[in-house]
1. Select, from Leu834, Leu810, the only residue that is within 17 Å of Ala179 (Cβ to Cβ) and surrounded by 23 or more Cβ atoms within 10 Å (Cβ to Cβ).
2. Could you tell me whether region 761-769 includes any residue that is within 18 Å of Asn606 (Cβ to Cβ) and hydrophobic (A, V, I, L, M, F, W, C)?
3. Out of region 149-193, which residues are within 30 Å of Ser139 (Cα to Cα) and among the basic types (Lys, Arg)?
4. Of the residues that sit in region 847-864 and are charged (D, E, K, R) and assigned to a helix (DSSP H, G or I), which one is farthest from Thr718 (Cα to Cα)?
5. Identify, from the list Glu397, Glu406, the residue that is closer than 20 Å to Cys241 by Cα, assigned by TED's automatic domain parsing to the domain that holds Leu451 and either in contact with a strand residue (DSSP E or B) (Cβ under 7 Å, 6 or more places away or on another chain) or in contact (Cβ under 8 Å) with a residue 24 or more places away in the chain (or both).
6. (1) aromatic (Phe, Trp, Tyr); (2) in contact with a helix residue (DSSP H, G or I) (Cβ under 6 Å, 6 or more places away or on another chain); (3) free of Cβ contacts under 8 Å to residues at least 24 places away in the same chain: which one isn't true of Tyr150, the others all being true?
7. Scan (1) closer than 30 Å to Ser284 by Cβ; (2) loosely packed, with under 15 Cβ neighbours inside 10 Å for the single condition Ala660 breaks and write down its number.
8. From the list Tyr411, Tyr323, pick out the single residue that is in contact (Cβ under 8 Å) with a residue 24 or more places away in the chain, touching a Gly at 6+ places or on another chain (Cβ under 9 Å) and aromatic (Phe, Trp, Tyr).
Amino acid sequence: MQKLKTNSQDQLKQSEQPRKIQETSSSYLIQIPQQEIEQQKEVPLNSTYNKQDLVHTDQDQKAKSSLFRYFRPSPDPQLVWEPHIDKQFMSEFQELIENRFNEVKRSSSIYKYYAKIGFQAFIYLLNILEIIFTLSFDSYNKIADNSSYYKFCYTVSIVFCVLLHSGAWMYTYKFREVAKKMVIVEVAYYIYYMLMGALSYFKIAPFIYFYSRDKSIKQFSFSEINKYLQLSGKDKFRNPCMLFKKRTKPVNIFRDLIFHRVALLSMIITMTIQTIPQLFIQSSYMIERSAWDGFNVISFLLLLSNLIYYSFELQFIVFTTTYRQMQTELQFKLKKIKLKFIQETKQLLKSDQQFMEFVESFYFHIDPSRFSPYQKKRCIVQIIFSLIKQKKFQNIEFHFIDSYDEVTLQYLANCFKLINVEKIHLLYQDQNHLSFLQDIFSNILNLTFELQNKENLDNLWNDDITDVNAEEEKVRQIRFIANPKISTGLQVVQQNKNAKLKYINITQHFLQLNPIEIKGEFDPLRKGNSVIMNQKQTILIQNIEEQPQDIINEARIQIKEITKRTLFEEQYGKIEFLIKMYDYYEILKKLNEFQVAFQSISSLLNGSLQIISLIYLTNDGDIYITALIVLTAINPILQLLSFAVFQHRVFKIFSPLRQAFYVLLFAIFNFLKIWDIVMVCLYVCVTEFAKVVKREFSSEGYFKFKSYASKFSGSIATTVFNYENVAINPKNILQIKDEPFYEAVMWRTNVEEALNKVPQFFIYVLSLSSKELNGVWLLSFFQQLKDSVQAIKDILDIVIKDYLIPALILGAVSADQFFQSMLYLSSISNQILLEYPKSFQIVSKVEEQHLQEKLTFKINLKNIDFSNYVDLKKKKMLAQFRYVLASIKSILEIDQAQRLFCMGYELKDLIRCLKVSPLYQLKLNYYLDEVQPAQIPYINGFIKNCPKQLQFLQLQVESTKAQQMEFCVERQETLKAFSYSYFQLIQQYNNHSGVALQETLNIDKDFLKLDRYNFEQFYFEVFGNLALQNCSQLLQQFTQMKVFKASIFNNAGIQTFQFNSNLRSSRLEILDITFENITLDFQEFPFSNLKVLKMILKRCEFNKENLKYILESLHNYTKVVYIDMSQCLQSYTVAEQKSLVRGLESKAIDVFIKI
């Protein structure tokens, strides 16, 4: 065996070629004594030993002494590691890998970091200086005294630039608006955004949005998002890890994405309306007047330098938008990741685990054939360091496995033995290496070797397909929905010191549907103290045998009967002419012949105007005609090159001759401005145009998604891709215009016109100073105006919707919603948030099966108001409301549930659907400061009307006052899990004069009263000024629970939690506690009977020796131990932690202890 191993090593050594070092920047450098090198007699497999690598060249020495050493990468360190002996415990192996990782990790240069910040700050300074010099140009040169045309163009450029800033921000508000507001409120918002547009012109808006952003939302630098956006669709799906970077320090303001995106809108508007026109206006004026003095030269240079930078930003927008337009697939589940470059292993390593928890398979298709020995070590160590964080996988695949060092392969083999992988697939290049690899990876289950070739490179990757219709993708299990405020901490409510609380008014609709009658006591075994409700429920007007499908069918019929024409006829029924026009419009819209005729007329009009513009250029030449000729000639050439490159990237299957033919067609017909109709003909006649790049969803669905993602929180926008009418009709002319390649080419062409047509508009005006006005000039000027407006509209539409609005979402909503706005959907939850009547309208169009099996729902009642709708429109909206409610079969959360008390007629539809619903989990969130204390018992009236087959009921209460709650939950046969969450709000007066005195929450038997306590699972959350002296009176009543999850956050003096007194269930298997400011008294609680023990402790006190004894007493019955005491003053030493961890690992317990 030793002989075989040695031979394999020799063969690998002979086949190994010198590697060129690619990766740079190191924070660790290990020097190897020359004596040790000389003593090495045998070189291991793919050894890092190379005498040439140990000698620094003269060039390296010179580089170290030069000024550029601060920006040059340092040379790779030389690492010699001893042969590895397998570690039996994960903690030992993890410690080894952490040490190896510290040896190979590298940090970027701090000088490079500050250079990036300095560059962005310098660019921003140039923008401000441009505004100052441009606004001062008139007064300095006294243009009004010399030329009215220059004065007119100069003024129009600046005024229109300011107006367009304000208009863009007002449009942004209008586009994101969901519910209509009162006219006064609407006007106030428009005035606010108009002023914000003016501040944006003066470059102040980015600072406002940066400092007013929600600090709790994940921060991004614009560069990391830009790098992701520039990836092709396949690469975005293959590895989106660069989005998941877990930051340890905040992003500098000039590198922040929100700051940059808000500034980007201003940059594009300024470039098109001010910078480019002013460049022509000022240069023409200075040439004519010979006014090239210091001020004017600086002004010109500022315009020119900013134009160069703006052009780079515009090209970035063009490329990233084109990639997005060409995206033909959507990824709703991130189940697998493929890595192809060593840089991506670092991205994987730095990824936030909350985004990676659903990834089941990793494919490491990295080619190390040109790596240095150090890079090979670094690559494998970073991969292993990532794998041991997750520990459980479905598939792991490596390419070029025989190209790595022997010791790192030993590490990898040891890793495979300690983690859980269903299938490991290793591909090797040289058949002679197989026996050696088998020796290293021996005794590993589910591992296969395969000789690598071109045919099998992506077999496993392609076969690993997520079936969205698989049973495991359906929602079937209960899920605990925690209150996010509990973990984030203090919640302050601003309040006027002299103001009185405003309670909601309970409606007659609610009283009729949820009556209660106070009778006697809650628990016949406990007498005397409590006043309890015994409900006497009236019978709703419905058949007791009604099924959810009956409600669905009834609603579907009403929705189909009330069409758009029906609503139009109701609104304009007395005007017969309008009804006929509406019918003609609908007919014509569906006729391909009409669409072709309209498109042809539009193209011929553009072509005719272009010919007239060319005729105008044949007039006697002057400086203005010369400028127009140059712009007319250069721009088509740039568009031609852009089209040629883009076409080559998309249609690689076309021969060079065929590509050249299409480029020639583009050059001719784009110059004549009829390329749009020619492309339509190509799509109809050339099948490859429609087949090579084809979306599986309609363009209408894509545009609706973009609109909904900008307006609605949650993942409601993704439902449009499950509409029943998303099929594509390739013969429809309008849909041909929205095909990916057509859309991308025409958009690029129109946007590139902005750099040409806008300055031409001003040059045409300036030309009147030397020529007379005539018909040719008017038609040519009209073409420039029309094309300029179209170009500006196209680019601003994209900048606002795809760049500005995502930044606004990131600053105020969530990172997930931000991902969604970029069309990254894998991190989006399957929970649909329904906040408005419009939300139900959107979801009602989703395929019924997807609606019932794949989604969970959350309803926020705050804005659910149907009073703004009347007659047939309201009838249809309520039918859509019932359709969605009756289709919910799994999990439902109702936020602002106290608003049920003030609902109108729609409450009947809600209760009608809930009473017959097959829901198995329901969560009700109440904000009790809006409810009169005497009306709180009506909560039980609504619970009575909830689904009878509930398995899990969650009740959440938020209040500034201490409330003692009593609930009648019933459902003895089905309700096995119960959750109660109480969050005490903190009042702070508006003038910051102080915080209101908070009541103490006494956790005792009166804090929570139930009609039954025999639950198998009990979840308990409480935050506030707590008193836990009598909490055993409450908790010891739950004697049947198998699962107890508690989050107790004490905001008062430290309290004591006694385990044995509080937890009296002999069936307890899972104990999951999160405590803050609590003293833990373990008493004689039988921890050894637990299968899972999880404790997260913050500012808690406990006896270390007692806890150590408890952990050492655990045996094989316990499967998981997770303890985080890193935020406690007292903790274990590193040695004590290692001893405890390895002792538990020896008992086959999955253990994690953080100190």
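The values are calculated or read from the model by the stated rules, or taken from the named source; none is laboratory data. Everything numeric in this text was worked out from a predicted model, so none of it was measured. As a convention, Cβ positions derive from the backbone with ideal geometry for all residues, glycine included, and neighbour counts pool all protein chains shown.
1. Leu834
2. Here is the first cut: in region 761-769, the ones within 18 Å of Asn606 (Cβ to Cβ) are 761, 764.
Among the residues that remain, those that are also hydrophobic (A, V, I, L, M, F, W, C) are: 761.
Yes, because at least one residue in region 761-769 is within 18 Å of Asn606 (Cβ to Cβ) and hydrophobic (A, V, I, L, M, F, W, C).
3. Lys151 - this is the single residue of region 149-193 that is within 30 Å of Ser139 (Cα to Cα) and among the basic types (Lys, Arg).
4. Top of the filtered list is Lys862.
5. Of Glu397, Glu406, the one residue that is closer than 20 Å to Cys241 by Cα, assigned by TED's automatic domain parsing to the domain that holds Leu451 and either in contact with a strand residue (DSSP E or B) (Cβ under 7 Å, 6 or more places away or on another chain) or in contact (Cβ under 8 Å) with a residue 24 or more places away in the chain (or both) is Glu397.
6. (3)
7. Of (1) closer than 30 Å to Ser284 by Cβ; (2) loosely packed, with under 15 Cβ neighbours inside 10 Å, only one is false for Ala660: (1).
8. Tyr323
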